[in-house]
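The values are calculated or read from the model by the stated rules, or taken from the named source; none is laboratory data. Just so you know, these numbers come straight off a predicted model, no measurement behind them. Cβ coordinates were reconstructed from backbone atoms using ideal geometry, including for glycine residues, and neighbour counts include every protein chain displayed.
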Amino acid sequence: MSNYLTKMIEPGRVHRDIYLDPEIFEIEMDRIFGRAWIFVGHDSQTPHAGDFITTSIGRQPVVMSRHTDGEIHVLFNRCGHRGAIVCNEAKGNARKFQCLYHGWTYNTDGTLRGVPLPEGYPEDFEVGKAGMGSLPRVDSYRGFVFACLNPDVEDLESHLGPTKACIDNLCDRAPDGEIMLTGGVHRYRFDGNWKLQLENTLDSYHVPFAHESTVDRSGKQFSRREGDAEGAQVVSGEEEETHHTWKERGAWAFDHGHGFTGNTALDEKTRSSPVYDEYKAALEARLGAQQAEEVLTPFFHNALIYPNMSFMGLNMHIRVIKPVAVDRTEVNVYPVLLKGAPHAMNQSTIRLLNVTHAAASFVQTDDLEAFARCQSGVVGDSSKWVYFNRGLGEHTEAQNWGGREGKSTQELVLRNQYDGWLEYMGGAAT
Ligand code: FES
Ligand code: FE2
């Protein structure tokens, strides 16, 4: 690795240039988003032949489509003629993809379907090969579709490692064993570097301060959950018992920058209402009472699959983080709906997310303000370093999951993201 990048990360601190330098941003797009498995979408977003969604992998615009044979494809969203974006909508259904510019058409597996005036091309021009092109690697785990620009990347399940258990838990909460990302999306951008949002997904230290209006005992945001009459019990700086819970919560750090934080005091077992009870009965019918109880006693709170996707097991959502520029980031937040759960319960998940993670919500807005302030303030010359050294060196080898274990307020899982950063950013300059 070039010296220059190695010097950006030190034990317990990172150089501010990783948030500010446009050249480092370009290298990240190339080496992190060009080398890692990137979450693209979920099966449920394209249930029928011809369904598609558009997104991006770093700088690369892509389409995820379901072909007529039922297979999911992840294609470069690029016309084989002059390179125009082919699918311009966020989602839709199409029998064929037609480029706006000169009318070349593609099948939903990306192969070229037709070219206007095909007889006019030179004989040695292989029109038939000019498809949209597929990403070198595409795979899925329990409906979560990932793609990778690097053909030599390890298989997806090895890459996910212990975070697979978090995906399993999320899916197992559904009476039908599957989640659905069909409840809409909150999509917004903030003026800050993408890593600010990434760090924050596993940052338990900030919660009582940045989100004081929500997690204080007088805050009642979580009472909007179906069957939850108690409201927030996450933490209160003044109450010793809950304060203790907050400080003692665990966190686990794994290879490639992945990690998760431990569960909060918001135990699923404390919830009860006619709708929630109906859901629980449906789950018990599939899993039996004991396994259902295990599933409803979640071991994780927030999980991060480095570098672009996190999910929260409490107010259930999947968050997709898209770098736009060194100081601009797009966030997409999808409510996680449980297949086979009562409609009213899934609606309550959407309702809760509307007040916690929408662009003008009570929780995420606090974080977005913090990200923008970090981006603006870090230029201050009192220091060139940003600190992640809380609990430095205090972790242990994790017993249950492999990897390293610490407390969720200790910043271990944030430091671990920068181990992942170094891992991907290494290698010869390209
Ligand atoms: Fe697509 Fe010409 S750029 S048909
Ligand atoms: Fe937050």
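From the list GLY402, GLY406, GLY393, the one residue that fits, being on the phi > 0 side of the Ramachandran plot and in contact with a helix residue (DSSP H, G or I) (Cβ under 9 Å, 6 or more places away or on another chain), is GLY402. Of everything in the range 61-98 that is hydrophobic (A, V, I, L, M, F, W, C) and assigned to a strand (DSSP E or B), the residue that is farthest from ligand 2 (Cβ to nearest atom) is PHE97.
Determine whether GLU157 is assigned to a helix (DSSP H, G or I), modelled with pLDDT under 95 and acidic (Asp, Glu). Against the criterion (assigned to a helix (DSSP H, G or I), modelled with pLDDT under 95 and acidic (Asp, Glu)), GLU157 does not qualify.
Specify which of the listed residues (ALA130, ALA94) is in contact with a Cys (Cβ under 8 Å, 6 or more places away or on another chain) and within 16 Å of ligand 1 (Cβ to nearest atom).
Result: ALA94 is the single residue among ALA130, ALA94 that is in contact with a Cys (Cβ under 8 Å, 6 or more places away or on another chain) and within 16 Å of ligand 1 (Cβ to nearest atom).
Could you list, in sequence order, the residues of the range 204-219 that are outside any helix (DSSP H, G or I) and either within 16 Å of ligand 1 (Cβ to nearest atom) or surrounded by fewer than 22 Cβ atoms within 10 Å (Cβ to Cβ) (or both)?
As a first pass, look at the range 204-219 and keep what is outside any helix (DSSP H, G or I): 204-206, 211, 216-219.
Of everything in the range 204-219, those that are outside any helix (DSSP H, G or I) and either within 16 Å of ligand 1 (Cβ to nearest atom) or surrounded by fewer than 22 Cβ atoms within 10 Å (Cβ to Cβ) (or both) turn out to be TYR205, HIS206, ASP216, ARG217, SER218, GLY219.
So for the range 406-423 (the condition being under 24 Å from LYS7 (Cβ atoms), modelled with pLDDT of 95 or more, among the small types (Gly, Ala, Ser) and surrounded by fewer than 20 Cβ atoms within 10 Å (Cβ to Cβ)), does at least one residue qualify? No, the range 406-423 has no match at all.
When the range 175-203 is filtered for residues that are of a type in the set (S, T, N, Q) and either over 22 Å from GLN375 (Cβ atoms) or not in a loop (DSSP other than H, G, I, E, B) (or both), the ones remaining, listed by number, are THR182, GLN197, ASN200, THR201.
Pairs are defined by a Cβ separation below 7 Å, a sequence spacing of at least 6 or placement on different chains, a first member in the range 77-92 that is among the hydrophobic types (A, V, I, L, M, F, W, C) and at pLDDT 95 or above, and a second member that is away from ligand 1 (no atom under 11 Å from the Cβ) and assigned to a loop (DSSP other than H, G, I, E, B); the pairs so defined are ILE85/ASN77; VAL86/ASN77; CYS87/ASN77. Report yes if ARG328 is of a type in the set (Lys, Arg), within 27 Å of VAL413 (Cα to Cα), at pLDDT 95 or above and surrounded by fewer than 18 Cβ atoms within 10 Å (Cβ to Cβ), otherwise no. For ARG328, the condition - of a type in the set (Lys, Arg), within 27 Å of VAL413 (Cα to Cα), at pLDDT 95 or above and surrounded by fewer than 18 Cβ atoms within 10 Å (Cβ to Cβ) - is met.
Within the set GLU10, GLU71, the sole residue that is closer than 30 Å to HIS395 by Cβ and surrounded by fewer than 17 Cβ atoms within 10 Å (Cβ to Cβ) turns out to be GLU10.
Is it the case that some residue within the range 329-348 is under 12 Å from ASN193 (Cα atoms), among the β-branched types (Val, Ile, Thr), outside any helix (DSSP H, G or I) and touching a residue at least 12 places away in the same chain (Cβ under 8 Å)? Don't jump to the end; show me each part of the working.
So the first thing to find is which residues in the range 329-348 are under 12 Å from ASN193 (Cα atoms), and the list is 329-331.
Those still in the list that are among the β-branched types (Val, Ile, Thr) too: 329, 331.
Restricting the remaining residues to those that are outside any helix (DSSP H, G or I) gives 329, 331.
Going one step further and asking which of them are touching a residue at least 12 places away in the same chain (Cβ under 8 Å), we end up with 329, 331.
Among the residues of the range 329-348, at least one is under 12 Å from ASN193 (Cα atoms), among the β-branched types (Val, Ile, Thr), outside any helix (DSSP H, G or I) and touching a residue at least 12 places away in the same chain (Cβ under 8 Å), which makes the answer yes.
Of everything in the range 99-141 that is free of Cβ contacts under 8 Å to residues at least 12 places away in the same chain and charged (D, E, K, R), the residue that is nearest to ligand 2 (Cβ to nearest atom) is GLU126. Among the conditions (1) of a type in the set (Ser, Thr, Tyr); (2) surrounded by fewer than 20 Cβ atoms within 10 Å (Cβ to Cβ); (3) assigned to a strand (DSSP E or B), the only one that TYR101 does not satisfy is (3).
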